[in-house]
1. Cα centroids of segment 1-46 and segment 142-198: how far apart, whole angstrom?
2. Just grab the label-to-label distance for residue 295 and residue 139, each label 7 Å out from Cα along the Cβ direction, in nm (one decimal).
3. Counting only DSSP beta bridges with both residues in segment 164-262, what percent are antiparallel, rounded to the nearest 5?
4. I want to check the label-to-label distance for residue 250 and residue 223. Put each point 7 Å from Cα in the C-beta direction and report it in nm to one decimal.
5. So, how do all the Cα-to-Cα distances of segment 96-154 break down into 5 Å bins, in percent, from 0 on up?
6. Who wins for biggest fluctuation among 95, 292, 55 in a Gaussian network model of the chain, springs between alpha carbons below 10 Å?
7. What shape does the chain take by its C-alpha gyration tensor, where a ≥ b ≥ c are the square roots of the eigenvalues and a/c under 1.5 counts as rounded, a/b above b/c as prolate, and the rest as oblate?
8. Determine the relative contact order of the chain: mean sequence separation of Cα pairs under 8 Å and six or more apart, normalised by residue count, in whole percent.
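The numbers here are math on the coordinates, done by the rules we state, and not lab data. On a predicted model such as this, the values are computed, not experimentally measured, just so you know. Heads up, the Cβs are rebuilt from the backbone with ideal geometry, glycines too, and the neighbour counts pull from every protein chain shown.
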C-alpha cells in the first residue's frame, strides 16, 4: 500500500472544510488536482472516504474512522520535517514533559533564561497527564521530565529539584476560606478533588491506613479541578505552587497542617541519552535555577525567582 503525503493532505483538508473548492483554494492547487489526490487515496485503501454531492462533501462511515489516523500521520510527518529543518539549521530540539501546572506556574522564566543562554537549543514543552509524566521518559517519548519523585526504570536518572506543600483550594465564599490553616481531619467529609491518582495515593500513605476521606473524585488536570472548585462542586487538593492559577476565579489556597504533607519534584533523564546535546545543558541549568529556592517549599520562593 503506497499512500502519499499529498493524498492525505488533500483528504484531510477536504474533510475538514467539507468542500473540494475551499480545500483546493486552501492548498493552492486546482480542484481537479485535489479530486485526483482523494480518488487515488480511495483506490489505494479500497473504500470510499468522502461522499460527494452538488453542495457539499461529507465523510463516509469508513472516512470517519480513517480521518483521525490520517491527521495523526500528517502530524508525524510534520514533526519529521521540523526535525530535519532543525538539524539543517543546527538547532537541537529538547522535549520536556511536565504537568500543565508545573509548566505554567514554574517554568516560564526558566525556559526564557535557558533560551537566552542556549539559543540553538529549541525547547519543546510537552503536556502530559500527571500520572504519565515519568513514563514519557521511560518510553522515550520525551528527553526530560519534571514530576513527583518515585521509583523508575534502571536506565532513568532521578535528580531532586524542589518540594511543595500539599494544600487545599476553595472558593472565597466557602466557610473554610476564613481560616488560615486547616487540619486534615477537618476535610474528612468535604468533597475533595484530586488531579490524577498518584497525589491521592501519596497523601494516603502520609496520613496512614486509618485515615480516609468520605467524598473523593478524580480529574485529569489541574485546570479541570479548579473549574469544579470555582463552580462550587468541591475543594481541590493541589501543590502550593498552584496559587498563580487560582487568581482567575479568585479562589483561595489554604495550608493544611497536622501533619504538613509535602511532595518532592525531580528531574527525570534517560541515562542512555544523558550526553546528548541539550540534555546536559538543561539538566545543569534547571538544577542551578531551583537551587535558588533552597530548602523552603518552592511556592515560598521570592517573586524574582519564578
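1. 48
2. 3.9
3. Here the share of antiparallel DSSP bridges comes out near 50 percent.
4. Placing both labels 7 Å beyond Cα along the Cβ direction yields 2.3 nm.
5. Final binned percentages: 4, 19, 27, 23, 16, 9, 2.
6. 55
7. On the way: a/c = 2.55, a/b = 1.65, b/c = 1.55.
It comes out prolate by the Cα gyration axes.
8. Relative contact order of the chain: 20 percent.
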